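**Q** Got a structure for you, written out below as structure tokens; questions coming shortly.
The values are calculated or read from the model by the stated rules, or taken from the named source; none is laboratory data. A quick note: this is a predicted structure, and the numbers were derived from the prediction, not measured. Virtual Cβ from ideal backbone geometry, glycine too; neighbours counted across all protein chains shown.
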Amino acid sequence: MNEQRQQANFNLIQSLLNCRTNDEVQEILAANQELVDVDLIPKMLEIASHLRKHGELDQANHLMNIAGQQLGVYNKLPSTATTKECLDFLEQALKVMADNRDNVQVVNQILVENIKKLNKISARLFQSWSQNKLGQVQLNENKRIASDIFDLSTLIQELYLGDKANNIEVAIAGYEVTLNVFNRSVFPIPWAMIQMNLGIAYYKRIQGDKVANQEYAIKAFTNSLEIINCSQFPQQWAITQSNLGNAYFYKITGNRPENLECAIKYYDAALKVITRSTLPSEWAMIQNNLGNSYLERQRENKTENIKNAIIAYRAALKVYTRFEFPQQWATTQNNLGNAYLEIVQGDKNGSIENAIATFFAALEVFTLTDFPEQWAMTQNNLGNAYRQKIQIDKRVTFEKAIQFCTNALEVFTYANFPQYYASTLFNIGIIYQESQQLTEAYTKFNATISIVELLREEIISGGESKQKQAEEWNKLYRRMVAVCLKLGSLTEAVEYVERSKTRNLVEQILERDSKTIFTKEVVTQLEIYRDEIAAGQYQIQNSKAANPQDLAKRLQELRRRRNELQNRYLPVGYGFDFNSFQATLDERTAIIEWYLLNDKILAFIVTKQGEVTAWQSQAEDREALYNWTNQYLRNYYTQRDQWRNSLGVLLQELATILHIDEILTQIPKHCDKLILIPHQFLHLFPLHAIPVNQNSENSSCLLDLFAGGVSYAPSCQLLQQVQQRKRPDFQSLFAIQNPTKDLNYTDLEVQVIQSYFNTANVLKKTAATLTAINNTDLNTYHCAHFSCHGYFNFINPSQSALILANAPVVDTLPQPNTERYLNLRAGEIHDLDKCLTLDKIFSLKLEKCRLVTLSACETGLIDFNNTSDEYIGLPSGFLLAGSQAVVSSLWTVSDLSTAFLMMKFYENLQTINSVSLALNQAQQWLRNLTTEEFEALLVKYQPQIEEIFAQLPEEMRPVARAILKRNCKRKPHPFAAPFYWAGFTATGL
């Protein structure tokens, strides 16, 4: 740029600095159009940086804002460059790259000057050009050319001009091409560096599936660390550790607490190398990110986590000063304020005052003019702080809290920021609720829920992203339920409970069932509605709608038409209506639906006739349930014998905490069928076995009171859906029998069960492989019985599995991939790719299936840690696959008692056309079975039992006989303890 041009640009920037309105800015830019090009933007940024360093913060931010606006305008300008011109530009850029390896600013200038051409270069074109370049040179030149392509790709990825999304795609294409030259075995160091950059690119990627991008990033970073070690490459190693921390902090999939632990681990590792003195800005950034991880951390002591978060934020502020790093300083101030608000011990008022001070400090930088989004976020934070503020004049506090949140709505409009708009409405609703203005709270919560559910409808990818949104908004539904209770609107409370539960599973089942209900024309019309709604919502959320208000009305009408069309054909609609559900209930059926708030336990009692009734616990009951659950799980996983022996006592304690006798008084006497709908961790316990009438000497358990049976359901919505499934009775059987050959009584169990069916296909032992299941038309069977080992994965529930033949890994694996390999028991490793995992179950087709029985361990457990209220476990997989009912287990069950329970269960099904009742009666039979009756059964099945023993290794036969004899010695009822009979539940109908 010549000197005269530079002076003209400088004068223009000086004029822009004197502007105070956007109209003035646009007027000056229009008058100096000949100067407005890509050269102007870097000059603006350079001067803004200079102003910031000298304390001219307001002017620096003002100029940054103008530069950002111009950058956005410039990036949208169309390009008329031909493909040949684009390729010629790449040739020029690569030559300049080779000639100026130590002066990348020269290459950057070429990229900036040709930004329109770069915008037109697709990833595919760049990949083809790169491969062609490498193919034109001799083998010994490949390394040099590949290095230049790698460096050029890096500069394109980091370029602040142009189409950012496309720049990243081009960079990824370049990295992947260079990996063909720098393979790991010959060039491990360059390969690792490319992996590092590839990880950064996927982490920042805008296009593609977000979940897949995150997984690719983590994989690439992990690959890099296999070569880049701390001793040889400390700085690169530490930066990659930090990048991995970021990837896990923002990771969508997997268990959130586990992801946070990984993030903290990687940040801590990075800080062992990156210090305040060596890389101060990077050190501060990691400290801030570490603070965010501790603030959100769910494990360990909350007080300690908050303390660590505050320490990390304060450390970051030693580098992030107001004048050198104003935006980072203000962001960290906001984070620090949120940490202060989380403090629960000590001087709460003092902590709130500290939070308010930090939020006001952030507003010194985050002004409405320069940083509108951050300004609005800080206003929301101030509203939250004043909501928590305790002082004599609560009216003033309340008014300030409302005012700050209302300020945020100046920026967070529904048209531009629908998610933030909903969050702000939610905050206002909380303020009204906590000031006991319940009608206003209800109005705000109702409006927020409407927006949240509309946003959710536009996520057409389903699955994980919908679950994460449900987790985010779970607190909203809980607060709405609490408000409805106080307003006496019990029916609405139940509807909001249902709207917060199992939404993803409900939609997946509806979608699958609808394919057999909708005509082709209806399917086509629904797809048209879906696509038009999604396109319109995208325009609104990305500020691309010419008239967002009119478009919003149009989308509302389209949603109404779509829902009306769906509900015209579906027996159960996409929205839960309590009255229509209540009408489907049997006269003799009662439902107890639990719901856990932060401060109480709720139990809603629903029958066909009459109003909903609700039981509410005291706060101490909720605390007692939390403590009881922790003790139960601690005993189960660490002291299994103690857990088993004390199970009866534990269930008595649970009955007291849940006040089950008090709840039962609200169920009409004529109801002899009971459906239990637990919530969160209540799904883990045998509620059907908890004692009732505890003041009586002969205390019975819950299932004894209901002659029509006690069953379970994840939600009323799912119950209503499976009611619509018309399935044949129990005529044909598909069974898996003892695939690992170590379940002694499974062979007897399946042999007896098989005799009750006209048609049976049994895959025995080594024949029970995943391949054999995949080659079987399961859609023709009425019952599917899996008698094998089961496993529930709390960290990654989708990898929960039924263990099949060929799954045990024979060869020693030095470092098994835990994503694929399962350590089921000490010394045993199983390949999950050869097991029937939950992921695979979801894709099964069981459209004629009346019953799936999972005669295996822990098959009824669910992911109780996830806060979205989704019912995620093996039963949900089989319900989605099409089964009307699933029988599953809540713990590691006894092989012997399970065999006899299952044999009796299927015998009962010959005369009882109810899965839950047949199971209940089998459980009562096993519980009351006398020692003499059990010995008679052993005599009856002696040939089969002897055949089982004969197949055991000779040294194991005495042990097996001793175990059988030990069971016979327990008199008068060998299986009376709940461990033996209470572990199985029936879900569905």
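**Q** Could you grab the pairs with beta carbons closer than 6 Å, sequence gap of 6+ or different chains, first residue in region 419-443 and closer than 15 Å to Leu409 by Cα, second one of a type in the set (Phe, Trp, Tyr) and surrounded by fewer than 21 Cβ atoms within 10 Å (Cβ to Cβ)?
**A** If the second residue must be of a type in the set (Phe, Trp, Tyr) and surrounded by fewer than 21 Cβ atoms within 10 Å (Cβ to Cβ), the pairs left are Tyr421/Tyr414.
**Q** Turning to a different aspect of this structure: Please count how many residues of region 917-959 are assigned to a helix (DSSP H, G or I) and more than 44 Å from the chain's Cα centre (by Cα).
**A** Adding up the residues that qualify gives 26.
**Q** Determine which single condition Thr589 fails, assuming it passes every other condition in (1) more than 28 Å from the chain's Cα centre (by Cα); (2) surrounded by fewer than 18 Cβ atoms within 10 Å (Cβ to Cβ).
**A** (2)
**Q** Here's something else I'd like to know. Does Arg184 meet the test of being basic (Lys, Arg), closer than 20 Å to Thr240 by Cα and surrounded by fewer than 21 Cβ atoms within 10 Å (Cβ to Cβ)? First the steps, then the outcome.
**A** Details: basic (Lys, Arg): yes; closer than 20 Å to Thr240 by Cα: yes; surrounded by fewer than 21 Cβ atoms within 10 Å (Cβ to Cβ): yes.
Yes.
**Q** Specify the residue that is farthest from Val710 (Cα to Cα); the eligible residues are those in region 656-674 that are among the acidic types (Asp, Glu) and in a helix (DSSP H, G or I).
**A** Glu662
**Q** Can you report the number of residues in region 572-586 which are surrounded by 15 or more Cβ atoms within 10 Å (Cβ to Cβ) and over 15 Å from Arg499 (Cβ atoms)?
**A** 3
**Q** Can you name every one of the strands (runs of 3 or more DSSP E) wholly within region 728-788 that holds 1 or more residues which are more than 20 Å from Lys840 (Cα to Cα) and not β-branched (Val, Ile, Thr)? Don't jump to the end; show me each part of the working.
**A** Numbers: elements: 732-737, 759-764, 783-787.
Here the list reads 732-737, 759-764.
**Q** Just to be sure before I move on: is Ser281 touching a residue at least 40 places away in the same chain (Cβ under 8 Å) and closer than 23 Å to Asn380 by Cα in the structure I sent?
**A** Working: touching a residue at least 40 places away in the same chain (Cβ under 8 Å): yes; closer than 23 Å to Asn380 by Cα: no.
No; evaluated as a whole, the condition is false for this residue.
**Q** Could you list all residues from region 414-447 that are crowded, with 21+ Cβ neighbours inside 10 Å and within 21 Å of the chain's Cα centre (by Cα)?
**A** If the condition is that a residue be crowded, with 21+ Cβ neighbours inside 10 Å and within 21 Å of the chain's Cα centre (by Cα), then Ala422, Ser423 are the ones that fit.
**Q** Is there a residue in region 706-717 that is farther than 30 Å from Asn779 by Cβ, at pLDDT 90 or above and part of a helix (DSSP H, G or I)?
**A** no
**Q** Hey, can you tell me all the residues within region 233-265 that are of a type in the set (Lys, Arg) and at pLDDT 95 or above?
**A** Lys265
Residue by residue, here is whether (1) modelled with pLDDT of 95 or more; (2) within 27 Å of the chain's Cα centre (by Cα); (3) buried (at least 18 other Cβ atoms within 10 Å of the Cβ); (4) assigned by TED's automatic domain parsing to the domain that holds Gln59 holds:
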residue	(1), (2), (3), (4)
Leu271	yes, no, yes, no
Tyr294	yes, yes, yes, no
Lys302	no, yes, no, no
Ala315	yes, no, yes, no
Ala330	yes, no, yes, no
Leu336	yes, yes, yes, no
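**Q** Check off (1) of a type outside the set (Val, Ile, Thr); (2) at pLDDT 80 or above; (3) under 17 Å from the mean Cα position of the chain (by Cα) for Met480 and give me the number that stays unchecked.
**A** (3)
**Q** Condition test on Lys251, is it out of contact with any Pro (no Cβ under 8 Å at 6 or more places or on another chain), under 17 Å from Tyr203 (Cα atoms) and among the charged types (D, E, K, R)?
**A** yes
**Q** Of all residues in region 187-208, which are under 23 Å from Leu118 (Cα atoms) and either buried (at least 22 other Cβ atoms within 10 Å of the Cβ) or in contact (Cβ under 8 Å) with a residue 24 or more places away in the chain (or both)?
**A** Passing the criteria: Ile194, Asn197, Leu198, Gly199, Ile200, Ala201, Tyr202, Tyr203, Lys204, Arg205, Ile206, Gln207.
**Q** Tell me yes or no: at least one residue of region 218-231 is at negative phi, part of a loop (DSSP other than H, G, I, E, B), touching a residue at least 40 places away in the same chain (Cβ under 8 Å) and not assigned by TED's automatic domain parsing to the domain that holds Arg101.
**A** Yes; the residues of region 218-231 include at least one that is at negative phi, part of a loop (DSSP other than H, G, I, E, B), touching a residue at least 40 places away in the same chain (Cβ under 8 Å) and not assigned by TED's automatic domain parsing to the domain that holds Arg101.
**Q** Now for a different question. Of the residues Asn908, Asn928, only one is surrounded by 12 or more Cβ atoms within 10 Å (Cβ to Cβ), closer than 30 Å to Gln723 by Cβ and in the same structural domain as Phe975 (by TED's automatic domain parsing); which?
**A** Testing whether each residue is surrounded by 12 or more Cβ atoms within 10 Å (Cβ to Cβ), closer than 30 Å to Gln723 by Cβ and in the same structural domain as Phe975 (by TED's automatic domain parsing) leaves just Asn908.
Quick grid of which residues meet (1) in contact with a strand residue (DSSP E or B) (Cβ under 7 Å, 6 or more places away or on another chain); (2) assigned to a helix (DSSP H, G or I); (3) without any contact (Cβ under 8 Å) to a residue 60 or more places away in the chain; (4) closer than 30 Å to Ala355 by Cα:
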residue	(1), (2), (3), (4)
Ala212	no, yes, yes, no
Glu258	no, yes, no, yes
Ser277	no, no, yes, yes
Met285	no, yes, yes, yes
Glu300	no, no, yes, yes
Ile311	no, yes, yes, yes
Arg314	no, yes, yes, yes
Arg322	no, no, no, yes
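**Q** Something else: Any residue in region 772-791 that is surrounded by fewer than 22 Cβ atoms within 10 Å (Cβ to Cβ) and touching a helix residue (DSSP H, G or I) at 6+ places or on another chain (Cβ under 6 Å)?
**A** no
**Q** I'd like to know if region 165-172 contains one or more residues that are within 33 Å of the chain's Cα centre (by Cα), buried (at least 19 other Cβ atoms within 10 Å of the Cβ) and closer than 15 Å to Ala220 by Cα. Give the steps one after another, and end with the answer.
**A** Start the filter on region 165-172 by keeping residues that are within 33 Å of the chain's Cα centre (by Cα), which leaves 165-172.
Adding the requirement that they be buried (at least 19 other Cβ atoms within 10 Å of the Cβ) leaves 166-172.
Applying the additional criterion that residues be closer than 15 Å to Ala220 by Cα yields 171-172.
Yes, region 165-172 contains at least one residue that is within 33 Å of the chain's Cα centre (by Cα), buried (at least 19 other Cβ atoms within 10 Å of the Cβ) and closer than 15 Å to Ala220 by Cα.
**Q** Of all residues in region 368-403, count the ones that are at pLDDT 90 or above, among the polar types (S, T, N, Q) and part of a loop (DSSP other than H, G, I, E, B).
**A** 0
**Q** Could you tell me which numbered condition Glu141 fails, if it satisfies all but one of (1) more than 12 Å from Thr178 (Cα to Cα); (2) of a type outside the set (Lys, Arg); (3) at pLDDT 85 or above?
**A** Condition not satisfied by Glu141: (3).
**Q** What about Leu703, is it surrounded by 20 or more Cβ atoms within 10 Å (Cβ to Cβ) and either in the same structural domain as Gln923 (by TED's automatic domain parsing) or modelled with pLDDT of 95 or more (or both)?
**A** Answer is no for this residue.
**Q** Still on this model: Can you confirm whether region 819-828 contains a residue that is within 20 Å of Leu874 (Cα to Cα), among the small types (Gly, Ala, Ser) and either modelled with pLDDT of 85 or more or surrounded by fewer than 22 Cβ atoms within 10 Å (Cβ to Cβ) (or both)?
**A** no
**Q** Same structure again: How many of the residues in region 132-155 are surrounded by 15 or more Cβ atoms within 10 Å (Cβ to Cβ) and not small (Gly, Ala, Ser)?
**A** In the first step, residues of region 132-155 are kept if they are surrounded by 15 or more Cβ atoms within 10 Å (Cβ to Cβ); the result is 133-134, 142-143, 145-155.
Applying the additional criterion that residues be not small (Gly, Ala, Ser) yields 133-134, 142-143, 145, 148-152, 154-155.
Looking only at that region, the number is 12.
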